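Have a look at the structure below before the remarks.
The values are calculated or read from the model by the stated rules, or taken from the named source; none is laboratory data. Remember, it's a predicted structure, so these values are computed and weren't measured experimentally. Please note: Cβ atoms are built from the backbone with ideal geometry, for glycine as well, and neighbour counts cover all protein chains shown. Accessible surface is based on the protein model in full, side chains and every heavy atom, while ligands, DNA and RNA are left aside. Shrake-Rupley method; radii C 1.70, N 1.55, O 1.52, S 1.80 Å.
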Amino acid sequence: MLGKHIDRGVPTSTHHFIRARLPWVVAGIILVALSLRGPIIAPTPVITNIQADIGLSSVAAGLLTGLPVFLFAVVTPAASAIIRRAGPEAAVLLCLTGVLVGTIIRSLGSTPLLLAGTVVIGASITIGNIVIPVLIRRDVPWRQVSVVTAAYSAALNVGSMITALGTAPLAAALGWRWALTAWGVLALAGIGYWLLLSRRRSPALGDDAASGARAPSSPETSGRDAAPGPHAPSSPETSEAPAEMLPPGEPDTAHATGHVRRIGWLLALAFCGQAMAYYSVTAWLPALLADTRGLSLASSGASASLFQVAAVIGAFGVPLLAARAPAWVPVALIGALWITLPIGLMLAPGWFIAWSLIGGAAQGGGFTAIFSIVARVARSSAEAARMSARVQGIGYLAATVGPPLAGGLNTATGAWTAPLLLVLAATVVFTVGGVLAARFSRSAAE
């Protein structure tokens, strides 16, 4: 908790500023999250209108959702560099401005403009994907990291749900172009909010000092938990996190560069499984239910939407469990829920509503668990940006492979068993990588 350890080298007024600013930062993170998935989902409810209006091919229609995910992977290194050079606040504003501009371009006219706007949106969202874990690491006390990450994960899914439900009615009233443009209001609101929030940032706070970083520790946190003071010779790459940002009793050696790097690679492995499973299920669950259960496309789509809605339960379930159990337990439970989804659909497809809810809770909890660990183990904002970039770059590259591979397996076999086995393999990868990363992140303390 902020204020539990008052560092003697940091003025009390600074700590009061940090505590007062935290709710505003969390609200800003949620507002950004609403614009990080909705713009990708927006065209899907009106894709037939778009195709009929401008003669969009099926391949180009697929790019409207597939291209942003591909850009998440390939633009990640550039996004990380932008964040390091411009700073988190400027990166947030660049992300939201890009989303707004891309949304407008996408709604203007021909297929080239539609795809160009999609590229701008995907590249801009990539910056947001990377910078949010940096902000959480910098501004949120370690005890609240999981809760704030859960709120971020839930807001991603709420943004998708609102956009999916609202685009078609807007298109019926205003046409598809204005329906897509209308969601730019969320980005515009975010821009205004973060401009005001940036002005509230204390000029005395540096990149890592926003939460008392680099301050001398109090007697309660002296010894192995001590963090170097603001005038100690240290670089942003190697300096330790502040005392109140670390779990009590966690030794400095637990944050050695090699140890953190190992955790980062394990999280990248876990996110490969998470992203591949999520995007494969999102892409093909409606078709699977239509084929295997005889549901109409509308009914199968509504049933599959439970997979998105239940993510909110999983996102907030992780911090609740993490407060009462060892670090690896929430990840193992989420992995078990993930694994249940493909096995359940293969062995008892009639229970598809239950499997959709269980899988949805797993995907929301998996995202929260992975990026909570990123925010906790990173020792500086620069390291948080690098780790987040590595995890997401590798994971989203796997996500671009998952849906077409699952579709190809369905076409080749004429059944859904092989695609579900692919999802099962991905969920096992998530579980192994995530559990190991969680154990290593607390191994020294345990």
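How do 369-377, 318-326 rank on mean C-beta neighbours within 10 Å, highest first?
Highest mean packing first, the order is 369-377, 318-326.
How charged is the neighbourhood of A268? Take every other residue with its Cβ under 15 Å from the Cβ of A268, and add Lys/Arg as +1 and Asp/Glu as -1.
So the surrounding residues net to +3.
What are the equivalent ellipsoid semi-axes of segment 86-132, built from the alpha-carbon gyration tensor (square roots of five times its eigenvalues), in whole angstrom, biggest first?
Equivalent ellipsoid of segment 86-132: 23, 9, 6 Å, largest first.
If contacts are Cα pairs under 8 angstrom and at least 6 residues apart, what is the relative contact order of segment 288-446 in percent?
Relative CO of segment 288-446 lands at 30 percent.
In whole angstrom, how long is each semi-axis of the equivalent ellipsoid of segment 398-443, when you take the square root of 5 times every eigenvalue of its Cα gyration tensor and sort them from largest down?
30, 10, 4
Between T48 and W24, what length comes free when the chain is fully extended (0.36 nm per residue of separation minus the Cα-Cα distance, one decimal in nm)?
Full extension of this stretch gives 4.6 nm more.
Per residue, how many Å² of accessible area does segment 79-131 show with a 1.4 Å probe?
It amounts to 32 Å² per residue over segment 79-131.
Just add up the charged neighbours of L180: K/R +1, D/E -1, any other residue whose Cβ is under 14 Å from the Cβ of L180.
+1
What is the Cα centroid distance between segment 111-149 and segment 309-367, reported in whole angstrom?
What the calculation gives is 23 Å, centre to centre.
Seen from all sides and averaged, what is the projected area of the convex hull of the Cα atoms in segment 281-377, in nm²?
Its average projected convex-hull area is 6.2 nm².
In nm, to one decimal, how far is the modelled label at S198 from the one at S57, with both set 7 Å along Cα→Cβ?
4.1 nm
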